[in-house]
Every structure is written in structure tokens, then in C-alpha cells.
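Read through the structure below, which is laid out as C-alpha cells, and then see the notes.
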């Protein structure tokens, strides 16, 4: 099993550009999450999904969109990138209150 | 607003010394708390969870409901323990969805 995979590993964008961060899991988990990791801020939840077709906002959803058309995939879209979105992005999947499995992360720089 | 506080950004100890990484949370219920760890160039992974009461890699964590704390302890630190550690209680009102709120993280540096 590959677990949770994320692409790309690194990305540089210019302000105003849009892009999609990909996340996939092969553990048949119902729950998936997107976090951003910033120094001194820990991990903050961006968006969340409890199953295919169901998504919910997290703590810092502004500027991001998500969709969950399949159990396996949970892409994160940046609509119009801003320098404040420079961060490391992690995707995770889990079942209920159990352990969350994280992807390797995407390091995004917005110039 | 619900908060989880890890007061130390950086904790530096010598190999063999005891380690305590502090975590305080604001939550009135009986939370299922987690500690996650991120070693250099690796993804975040679960270190331990309160409900299992296991000792993982020599680490333990006791839930103190009176003080609302869940400090992580290890009696003798090893160099391979150097990593970033995150305390993560569940988000209040999240039911069984497993939504977590993460602390700011503590970098543990174990010197030889």
C-alpha cells in the first residue's frame, strides 16, 4: 500500500495564479483532511471530508476549495494564490477517532 | 475558542537526560488525546494516543484532567528522539469524526 500520496512535492507560483494540490489514499478511509503547517502556528485544518461528496470547512478555509468525488482523492485548489499561502501543505486520512495517516507534504511558495 | 498550548518552541537536552514536553488544552470533556511526531525529512506519524496507554519508543503521556494537561515524558532521551512533536486533542464538538486541533509544536533537540 502506498498510503497517502501527495503531488507535487514542491511548487512555486506567482501571485494570482491558481493550482491544484493532489492527494490520494489507498486505505479506503472515509475521512480526509488538508492542513497547512507554518512556523509557530502548528498545523491548521483547511478543509475536511467525511466521505465522497461531503466536505466541510476547517479553521482556515479562505482562498481554498476542495471536492471529494471519490473515496480515494481529495484535491485542494488555490483559486488565486497569495504570498500568505506560502506554506507546507499536508493531506491526511483516517477512520473515526483513529490514527491519522499523513502524506509527505507539498512545499508551496507564492511570490 | 478551544486552545491547545505547547509552551516550549524548542527544548534542548543532552543524551540520557529526562525529557518532558508540555501540552495544556482547554476542553471540559474527556478527550482522546494524541501526540504526533515529525522526524527530519519524514512525514508526521502517530507517536502515542491516550486511550491505548502504551509506551512507544520509551515515551509515555499521562492525562491530568484537573490540570487539563497531557505532557509527554521520557526518562532517558536518545539522539534519535530529535524531532518536532505535536500535541493534538480532538476539536470540541467534533464527535467521532476525528477532527483534531494541533498545538504549535515543540522541537526536541537531543545533543550527544
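We did not get these values from a lab; they are worked out from the coordinates using the rules stated. The shown structure was predicted, so the numbers you read here are calculated from the model rather than taken from an experiment. Here Cβ is always computed from backbone atoms with ideal geometry, including for glycine, and neighbour counts include all displayed protein chains.
Give me the percent relative contact order of segment A:8-111, please, defined on Cα pairs under 8 angstrom at least 6 residues apart. Kindly include the intermediate steps, with their values, before the conclusion.
On the way: 253 pairs, mean separation 37.3, N = 104.
Averaging sequence separation for qualifying contacts and normalising by length gives 36 percent for segment A:8-111.
Would you mind getting me the FRET efficiency between residue A:12 and residue A:54? Use the beta-carbon distance for r and R0 = 30 Å, nearest 0.05. Don't skip to the end; give the middle numbers.
Working: r = 32 Å, r/R0 = 1.08.
FRET efficiency, residue A:12 to residue A:54: 0.40.
Where does each of A:87, A:18, A:33 land when they are ranked from fewest to most other beta-carbon atoms within 10 angstrom? All intermediate terms of the calculation are to be shown ahead of the outcome.
On the way: A:87 21, A:18 11, A:33 26.
Result, fewest neighbours first: A:18, A:87, A:33.
Kindly put B:56, B:101 in sequence by how many other C-beta atoms sit within 10 Å of each C-beta, fewest to most. Could the numbers behind the result be given before it?
On the way: B:56 15, B:101 25.
Ranked by crowding around the Cβ, least crowded first: B:56, B:101.
Hey, what did chain B get for relative contact order, percent, Cα under 8 Å, at least 6 apart?
After rounding, I find 37 percent.
Can you put B:12, B:40 in order of Cβ neighbours within 10 angstrom, beginning with the fewest?
On the way: B:12 12, B:40 7.
Lowest to highest Cβ neighbour count: B:40, B:12.
Between residue A:69 and residue B:52, what FRET efficiency comes out of the Förster formula 1/(1 + (r/R0)^6) with R0 = 25 Å and r the beta carbon distance, rounded to 0.05?
On the way: r = 34 Å, r/R0 = 1.37.
Result of the calculation: an efficiency of 0.15.
Set the Förster distance to 25 Å, then compute FRET efficiency between residue B:73 and residue A:98 from the Cβ-Cβ distance, nearest 0.05.
Numbers: r = 24 Å, r/R0 = 0.95.
E between residue B:73 and residue A:98, to the nearest 0.05, is 0.60.
Can you give me the C-alpha center-to-center distance between segment B:30-82 and segment A:10-25, rounded to a whole angstrom?
32 Å
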